[in-house]
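Step one of this worksheet: look at the structure below.
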């Protein structure tokens with residue numbers, strides 16, 4: 001017959017056993033791929049609604065190219081606030097919760113304070129400005145810490161156990177997204193059709209159109225077109241700024257204005273890497 005024994009309350013209770021898996025989980029750094037997936041989720045949460053709102057606001061205005069870049073670039077402000085609030089005090093951003101990672105103080109393992117979380121959020125921008133090289137530190141550091149982690153004294157750890165399938169999916173997805181993002185980013189900066197180069201071309205085209213507009217004003221006032229850029233700059237209302245803008249976006253060596261009794265032709269080259277020809281009328 002099976003014997004049942006009630007434990008004597010005077011006896012020491014058996015010590016609670018701590019799972020080795022939980023101990024390893026507490027100290028295990030999060031992988032670079034899963035961190036990238038979490039970052040993209042968090043960035044999308046902020047940037048997509050912001051850009052839709054900004055596009056709606058700008059649609060009712062007549063902004064110049066510079067204003068458009070400033071408005072859309074300002075998305076980093078709500079992103080920094082979001083990262084700060086949901087990284088301090090033991091909280092986690094939605095992206096990190098979904099992926100199963102958390103941010104802690106590197107030395108103590110405790111939740112980040114608000115100042116450290118703010119520094120870390122700003123550190124994202126610093127890491128990006130350095131041609132994304134700040135993020136590359138996570139590949140070579142033993143604890144997978146990026147530049148923003150070093151600045152804030154933080155570390156990113158696993159927050160829950162993951163199955164083999166989830167780990168594999170996150171690694172493959174994150175790795176593929178990182179390759180696509182890196183290719184797109186560096187192509188925009190250094191490629192033939194880069195965003196920076198295209199901005200220069202757009203600015204040059206916009207400026208020669210402005211010169212054409214001033215030609216029409218000059219003709220309506222004086223009855224003829226002119227190839228005197230100084231006269232045109234005076235008509236702009238701010239000749240100093242106008243000439244400064246001209247030499248900032250156009251290569252002055254190749255700038256030409258051809259005139260006749262019935263019209264004019266403006267030819268120049270933008271200050272992009274390829275010295276793209278621009279003209280007006282096109």
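Just so it is clear, none of the values below were taken in a lab; they were calculated from the coordinates. Every value quoted in this text rests on a predicted model; they were computed, and no experiment measured them. Cβ sites come from the backbone with ideal geometry, for glycine too, and all protein chains shown count toward neighbours.
A few points about this structure:
- Among the listed options (1) 29.4, 120; (2) 18.4, 54; (3) 19.9, 59, the one matching Rg and Dmax of the Cα atoms in Å as calculated from these coordinates is (1).
- Value of relative contact order over region 195-280, rounded to a whole percent, pairs C-alpha under 8 Å and six or more apart: 34 percent
- Label-point separation in nm, residue 60 to residue 220, each point 7 Å along Cα→Cβ: 3.0 nm
- Measuring between their Cα centroids, region 197-238 and region 131-157 lie 50 Å from each other.
- Label sites at residue 256 and residue 185, each approximated as a point 7 angstrom past Cα along Cα to Cβ, lie 4.3 nm apart.
- Gain upon complete extension [residue 108, residue 169; 0.36 nm per residue less C-alpha separation]: 18.9 nm
- Computed E for residue 274/residue 241 - FRET, C-beta separation, R0 30 angstrom, nearest 0.05: 0.65
- Simple spin-label estimate for residue 227 and residue 248 gives 2.8 nm between the two label positions (7 Å along the Cα-to-Cβ direction from each Cα).
- Helix 164-190 and the longest principal axis of the C-alpha atoms of the chain enclose an angle of approximately 20°.
- Mean sequence separation of contacting Cα pairs (under 8 Å, at least six apart), scaled by the length of the chain, corresponds to a relative contact order of 15 percent.
- Each of 200, 180 was scored by other Cβ atoms within 10 Å of its Cβ. Listed from fewest to most, they are 180, 200.
- In this calculation the C-beta distance from residue 137 to residue 68 is compared with R0 = 41 Å, giving a FRET efficiency of 0.80.
- Adding -39500 (n - 2.57) for every DSSP H run of four residues or longer, then dividing by how many residues the chain holds, sets the calculated 222 nm ellipticity at -18500 deg cm²/dmol.
- This ranking places 88, 133 by how few other beta-carbon atoms lie within 10 Å of each, fewest first, which gives 133, 88.
- When each of 140, 41 is scored by the number of other beta-carbon atoms lying within 10 Å, the sequence from fewest to most is 140, 41.
- Stretchable slack from residue 77 to residue 202, in nm (0.36 nm times residue separation minus alpha-carbon distance): 42.4 nm
- For region 195-280, the equivalent ellipsoid derived from the Cα gyration tensor has semi-axes of 23, 14, 10 Å, listed largest first.
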